[in-house]
1. Give me the log10 of I(q) over I(0) for the stretch 2-248 at q = 0.12, 0.16 Å⁻¹, as the Debye formula computes it from C-alpha points; what are the numbers?
2. Taking the Cα-to-Cβ direction at ASN189 and at ASP229 and moving 7 Å from each Cα, how far apart do the two end points lie in nm?
3. List residues of the stretch 1-35, by number, whose backbone nitrogen lies under 19 Å from a label position 7 Å along Cα→C-beta of ASP214.
4. Residue by residue through the stretch 144-149, what is 3J(HN,Hα) from phi via Karplus (6.51 cos²θ - 1.76 cosθ + 1.60, θ = phi - 60°)? Round to whole Hz and write x for glycine and proline.
5. If you take the charge dipole of the chain about its Cα centre, with +1 on Lys and Arg Cβ and -1 on Asp and Glu Cβ, which of TYR210, TYR53, LEU2 is farthest toward its positive end?
6. Taking the radius of gyration and the Kirkwood hydrodynamic radius from Cα positions alone, what is the Rg/Rh ratio for the stretch 88-139, to two decimal places?
7. State, to one decimal in nm, how far the label point of THR97 lies from the label point of ARG125, with both points 7 Å from Cα in the Cβ direction.
8. First obtain the Kirkwood hydrodynamic radius of the stretch 1-118 from its Cα pairs, then insert it into the Stokes-Einstein equation at 10 °C and 1.306 mPa s, and state the resulting D in µm² per second as a whole number.
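Read the figures in this text as sums done on the coordinates, not as results from a lab. As the structure is a computational prediction, the values presented were derived from the model and not from experiment. All Cβ positions, even for glycine, are placed from backbone atoms using ideal geometry, and neighbour counts span all protein chains on display.
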Amino acid sequence: MLDITDLHANIDGKDILKGLSLSVKAGEVAAIMGPNGSGKSTLSYVVAGRAGYEVTGGSIMLNGEDILAMEANERAAKGIFLAFQYPLEIPGVTTMTFLKAAMNAQRKQRGEEELTTPDFIKRVRAAADKLGVSQDMLRRPLNVGFSGGEKKRMEVLQMVLLEPKVAILDETDSGLDIDALRIVAEGVNALRSPDRAFVVITHYQRLLDYIVPDSVHILSAGRIVKSGDKELAHELEKNGYRDYVADAA
């Protein structure tokens, strides 16, 4: 589903990704782990098409289609979703207004009719109830005054409503207590399907107790240095990244 081959990318002239290759199949949950500065967030931004990153080599294919030349909104319409490590606050834009604009923008890009207001409200309320997102949160400006856990729940709500083909979670466990982590994980697990893939970026084994990965990949110095199953995450929790940082140097 998502095939990344020999990807090289930099920001402000500094090389970050240095020949990274990764393949994620439909239905798979792939965990990316690695030390600080290894390129994990850069990988998520480059796949999503965030401005400021220059790709100097390699390819990113989504279901056999090259997406590197596409703008971020085009990639989103094709099914790429990125949950940020630190979700932005958007004062003056209510959460419901944002959600409706995002959903209808994607539908328009795909040649689909916009949602009617009653249908939109029905979809949002059903998804919000399952994720513990209150009606008060939906009425407030997007993420303004939200706790870290509330912001992450809101991103999972967006993911549920947009139904992406590839969802990238960039350290979505950052700042979450156990209860919030469980709610977020339940939302992610509810979306697991044979037609959807997840890339879960994390430092810690804790998240992977709730979102059990099919594969685990260690990213160090801008490239994947080892891949394995979920037991590899347990190994990292026990021994750390020292050996893999040395291998990548």
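1. Treating every Cα as an identical point scatterer, log10 I(q)/I(0) equals -0.69, -1.22.
2. My value for the distance between the label points is 1.9 nm.
3. Residues 1-5, 21-33 fall inside that zone.
4. 6, x, 6, 6, x, x
5. Of the listed residues, the answer is TYR210.
6. Dividing the radius of gyration by the Kirkwood radius yields 0.99.
7. About 2.2 nm, to one decimal.
8. Diffusion coefficient, whole number: 99 µm²/s.
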